[in-house]
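Asks: Just passing along the structure, written as structure tokens.
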Amino acid sequence: MIPDLDRRDRLSLTWRDPPGWWGFLTTVDHKRIAARYIVTALLLLFLAGLLALDMRWQLSWAENDRMGPQLYNESFSLHGSTMLFLVSVPAMEAMALWLVPLMLGQRNMAFPRLGAFSYWLYLGGVLTLWVAHALDVTPDLGWFEYPPLSGPNYAPGHRADIWAQMITFTEVAALCASVNVAATILKMRPPGMTLARMPVFLWAMLVASLMTILSMPAIMLVTSMLIADRLVSTHFFAPAANGDVLLFQHLFWFFGHPEVYIIFIPATGFVSSIVETFARRRLFGHHVLVLAILAIGCLAFGLWVHHMFAVGLPRLGNDFYTAASMAIAVPAGLQIFCWIATMATGRTWLATPMLWVLGFVATFVLGGLSGVMTASAALDLQLTDSYFVVAHFHYVLVGGAMFPLFGAFCYWYPKATGRMMSERWGRVAFALIVGGFNLGFAPMHLLGLMGMPRRVYTYPAGMGWEGLNQIATLGSAIAVAGGLVFVANALLSYWRGAPAGADPWGASTLEWAGESPSPPWNLAYTPVVDSLTPLWDSPVLRVMDGVAIERREVIVTSVVDAAPLYRQKSAAPSIWPVVAALAVTAMFLGSIFTPWAIAAGALPIAAALTGWFWPQRGRATTGPLRVRS
Amino acid sequence: MAIGRGGATTAVLAALLLAACGREARDIGPSLGETPPRGGSDPRIPYYQDNVYQVAQGGRYFGWYGCVACHVEGAVGVRDLGDGRWQHGGGFDQVYAAIARRHGALNYAARIPAEPLWQLTAYVRDLPQHTPEKRRRLAIDQVGEPHGRSWSGPVR
Ligand code: HEM
Ligand SMILES: [Cu+2]
């Protein structure tokens, strides 16, 4: 339904941000916040990618001493920590923040200010790690820092603290984002979008958010225990005082394994959306896909021990976790078959987003196969800590998460900017990245089988590793060059791309119903849904009215049937999320140096939260409780 | 005004940078300390004294060479190294000399190579800043390391 101009004007007035810097700091527009998340994450992807290229260059020749062991340790620690905690997880959350309200036809997230707070805190984590790096206090113990190596005795100084505190930042940010996404999906679906009519994308984001909520506390606990050991001399990880170093590994991986699925499940959501659109038919086996996602979400919590096969746990434990790890290949395989069936039976059109899906299927399947190999405890004892593992996790992380992310970027770019990206340069970037990646990382399997360990800064001549290492470096360089083409294409298209219109791909879900780029208020009316693919099934989208337009208001519906329940005030722009994030940042950073920072830092946080949640009395026009916004 | 503030920020950042760089460095390579310090202002001193890694290495050697046998927690008089009072002077070269030359038959000058002696000196001079519970916590992590004559084998 096309809104008249008057309605548009009134909506714009209600939902606009204050102009200039104040608007930048106070905005609660989920699209602006998500865009910041994505730009920050892409920038870090670029920086950490350069770091990786530097490492690859170092490994191209035997006995290369361009980098020393310490610099190499810092490089892979910074690369790995950045890629996992500051790029992959936040990028997936950002896609949810951006797309979930659009796909639900809502005006904003359930908790708009929490979304803003989440970004500022994430930025705090980014700055903690990278400013510390600029000051030469780079974490140097890998992306998981096991005690006793990371304990007070063997990791003096603040490198390990920076790592642990960076995690606290990103995990609080991730928790805020996840609570927000889960509440929005469960309580703010448009009338008629019952659970059975919910697109796979939303299922994926819901499950990933719930997994985040269940797994993140483990790692916040474990890094806090590590900091306590280092700062106030507790004995959590000191075996000689009845502590337990394995406790760290269990708690870390109880989060760490679900984490890879927190990254991968949203990617399956992207893939499902793209496949449906470009195969021009409903997903084959919608229910199978949803059940597979739920199954992966549950199974993922029962596998963590496969990261610890080599520490000497009881045989039965190893056997159990071998079986569980192999079992997860079943739902993952079902998903792949459903997508292939959809593509094979539809009128599939190979635009760039679809190419990325093909690249994803091919690469991810290879990574899954090497995963099944390492899941076998017996074989893993040989493969662990070798370059085979480096090959495996890059195949699943890059193939299984980055490629779908790039596809999603191309797919939703027109919606975000109102412009099309160049197809030709998109294909060039695709060929360079996927080709370069496979050229670069396939030889690493062989290197691992030939005995090359991971995390070594160089190796002796005469091991026969040089040739394959040079191919690996060449491939990585090609992939990074492809990344530059990708970014250049995105930047140029922002100004030069062809205008996109509301629905350039002829897609089926609600985010394509409104104009591109989406205005701050998203859709002019609340859509009413009666099928899985509303834009395909009804010639005109049915809508309803009744949600206020002269004040910020959203509609809340029931969890299962999405029956309209009530209208809810939606929070206006506010400075308090930034202030609260600054207060939390001060407390986190201070607690690296003194335990008193926790007590002292709680006061500014309490003050900021009081300001944030300051009550307003409905009809009051004066006094401290008067209505302000 | 704006320039003034920018300048101040730059100055603070530069100061932070100077303070940070070196303190956390972890050099593994040809060492500086191959000969004893030449006087209390030997330019190599800050490299050891102001670096957390070198000090921590000294802490480990403190156990390895059995210094704890006499300089235990709660030792009194000259044997208390954490009280900040130095019988034979607190300068780097003086403490170095006390370790190397004042232990009679233990003859550390001959038994400990120069680099560990530098690190031990840096550690001992850092001790007054360590709290007893911190020292105890580090010792707990070190029980698995060879501890002079009192070592009881690896942790199980
Ligand atoms: C062109 C892109 C990339 C290249 C060339 C690359 C290269 C490397 C290299 C050389 C290492 C060190 C291996 C070792 O010596 O142990 C490494 C480690 C790692 N990479 Fe990448 N990488 C790339 C992209 C990514 C991405 C996108 C992710 C995650 C999403 C990622 C995650 C990791 C992790 C977790 C580690 C392990 C760090 C550790 O050992 O603690 N990498 N990568
Ligand atoms: Cu795992």
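Asks: Just one of the numbered conditions (1) within 16 Å of ligand 2 (Cβ to nearest atom); (2) out of contact with any Leu (no Cβ under 6 Å at 6 or more places or on another chain) is not true of A:T345; which one?
Replies: (1)
Asks: Between a residue in the range A:468-479 that is in the same structural domain as A:F441 (by TED's automatic domain parsing) and any residue that is of a type in the set (V, I, T), which pairs come within a Cβ distance under 7 Å, given they are 6 or more apart or on different chains?
Replies: Hits for this filter: A:A479/A:I433.
Asks: Report yes if B:A75 is of a type in the set (A, V, I, L, M), more than 14 Å from chain A (Cβ to nearest Cβ) and surrounded by fewer than 14 Cβ atoms within 10 Å (Cβ to Cβ), otherwise no.
Replies: Working: of a type in the set (A, V, I, L, M): yes; more than 14 Å from chain A (Cβ to nearest Cβ): yes; surrounded by fewer than 14 Cβ atoms within 10 Å (Cβ to Cβ): no.
For B:A75, the condition - of a type in the set (A, V, I, L, M), more than 14 Å from chain A (Cβ to nearest Cβ) and surrounded by fewer than 14 Cβ atoms within 10 Å (Cβ to Cβ) - is not met.
Asks: Could you look through the range A:566-589, keep only residues that are without any contact (Cβ under 8 Å) to a residue 24 or more places away in the chain and not in a helix (DSSP H, G or I), and pick out the one that is surrounded by the fewest Cβ atoms within 10 Å (Cβ to Cβ)? Don't jump to the end; show me each part of the working.
Replies: The first filter runs over the range A:566-589 and keeps only residues without any contact (Cβ under 8 Å) to a residue 24 or more places away in the chain, leaving A:566-569, A:586-587.
Next, only the ones that are not in a helix (DSSP H, G or I) stay: A:566-569.
Working: A:Y566: 7, A:R567: 13, A:Q568: 14, A:K569: 12.
Filtering the range A:566-589 for residues that are without any contact (Cβ under 8 Å) to a residue 24 or more places away in the chain and not in a helix (DSSP H, G or I), the one surrounded by the fewest Cβ atoms within 10 Å (Cβ to Cβ) comes out as A:Y566.
Asks: Can you find even one residue in the range A:218-225 that is within 14 Å of chain B (Cβ to nearest Cβ) and under 30 Å from B:T131 (Cβ atoms)? Explain how you work it out, then say what you get.
Replies: Residues of the range A:218-225 within 14 Å of chain B (Cβ to nearest Cβ): A:225.
The next check asks that each one be under 30 Å from B:T131 (Cβ atoms); those that pass are A:225.
Looking for residues that are within 14 Å of chain B (Cβ to nearest Cβ) and under 30 Å from B:T131 (Cβ atoms), one finds at least one in the range A:218-225, hence yes.
Asks: Restricting to the range B:78-106, give me the number of residues that are part of a helix (DSSP H, G or I), out of contact with any Gly (no Cβ under 7 Å at 6 or more places or on another chain) and open to solvent by less than 50 Å² (accessible area, probe 1.4 Å).
Replies: 6
Asks: Please specify each residue of the range B:107-120 satisfying the condition of being surrounded by 17 or more Cβ atoms within 10 Å (Cβ to Cβ) and over 22 Å from B:P30 (Cβ atoms).
Replies: If the condition is that a residue be surrounded by 17 or more Cβ atoms within 10 Å (Cβ to Cβ) and over 22 Å from B:P30 (Cβ atoms), then B:Y108 is the only one that fits.
Asks: Hey, another quick one. I'm checking my understanding of the structure. Among residues of the range B:141-156 that are at the interface with chain A (Cβ under 7 Å from one of its Cβ atoms) and in contact (Cβ under 8 Å) with a residue 12 or more places away in the chain, which one is farthest from B:G58 (Cα to Cα)?
Replies: B:V155
Asks: With respect to A:L299, determine if the residue is within 17 Å of A:T268 (Cβ to Cβ) and within 12 Å of ligand 2 (Cβ to nearest atom). Please lay out each step first, then the result.
Replies: Details: within 17 Å of A:T268 (Cβ to Cβ): yes; within 12 Å of ligand 2 (Cβ to nearest atom): yes.
When the stated conditions are applied, A:L299 passes them.
Asks: With the requirement that a residue be part of a helix (DSSP H, G or I) and surrounded by fewer than 17 Cβ atoms within 10 Å (Cβ to Cβ), what does the range A:342-352 give you?
Replies: Start the filter on the range A:342-352 by keeping residues that are part of a helix (DSSP H, G or I), which leaves A:342-345, A:352.
Listed by number, the residues that qualify are A:A344, A:T345.
Asks: For B:G39, indicate whether it is more than 9 Å from every other protein chain (Cβ to nearest Cβ), more than 10 Å from the chain's Cα centre (by Cα) and surrounded by 17 or more Cβ atoms within 10 Å (Cβ to Cβ). Step through it out loud before you land on a result.
Replies: Numbers: more than 9 Å from every other protein chain (Cβ to nearest Cβ): yes; more than 10 Å from the chain's Cα centre (by Cα): yes; surrounded by 17 or more Cβ atoms within 10 Å (Cβ to Cβ): no.
No: the conditions fail for B:G39.
Asks: Looking at the range A:302-319, I want the residues that are within 15 Å of A:T384 (Cα to Cα) and open to solvent by less than 30 Å² (accessible area, probe 1.4 Å) and have a partner that is of a type in the set (F, W, Y) and more than 16 Å from ligand 1 (Cβ to nearest atom) with Cβ atoms under 7 Å, at least 6 apart or on another chain. Which pairs are those?
Replies: A:V305/A:Y321; A:N318/A:F309
Asks: Still on this structure, I have one more. What number of residues in the range A:155-174 are more than 12 Å from the chain's Cα centre (by Cα) and either of a type in the set (D, E) or under 19 Å from A:R36 (Cα atoms) (or both)?
Replies: First, pick out the residues of the range A:155-174 that are more than 12 Å from the chain's Cα centre (by Cα): A:155-169, A:172.
Filter once more, so that each one left must be either of a type in the set (D, E) or under 19 Å from A:R36 (Cα atoms) (or both): A:161, A:166, A:169, A:172.
Summing the residues that are more than 12 Å from the chain's Cα centre (by Cα) and either of a type in the set (D, E) or under 19 Å from A:R36 (Cα atoms) (or both) in the range A:155-174 gives 4.
Asks: Would you point out which residue out of A:A324, A:A300 is within 21 Å of the chain's Cα centre (by Cα) and assigned to a helix (DSSP H, G or I)?
Replies: Values: A:A324 fails: within 21 Å of the chain's Cα centre (by Cα).
A:A300 is the lone residue from the list that is within 21 Å of the chain's Cα centre (by Cα) and assigned to a helix (DSSP H, G or I).
Asks: So for the range A:276-297 (the condition being closer than 30 Å to A:H158 by Cα and either within 16 Å of ligand 1 (Cβ to nearest atom) or open to solvent by 10 Å² or more (accessible area, probe 1.4 Å) (or both)), does at least one residue qualify? Can you show your working first?
Replies: Of the range A:276-297, the ones closer than 30 Å to A:H158 by Cα are none.
Within the range A:276-297, none of the residues are closer than 30 Å to A:H158 by Cα and either within 16 Å of ligand 1 (Cβ to nearest atom) or open to solvent by 10 Å² or more (accessible area, probe 1.4 Å) (or both).
The values are calculated or read from the model by the stated rules, or taken from the named source; none is laboratory data. Note that this is a predicted model, so its numbers are computed, not measured. Please note: Cβ atoms are built from the backbone with ideal geometry, for glycine as well, and neighbour counts cover all protein chains shown. What goes into the accessible areas is simple: the full protein's heavy atoms, side chains included, and nothing from ligands, DNA or RNA. Shrake-Rupley method; radii C 1.70, N 1.55, O 1.52, S 1.80 Å.
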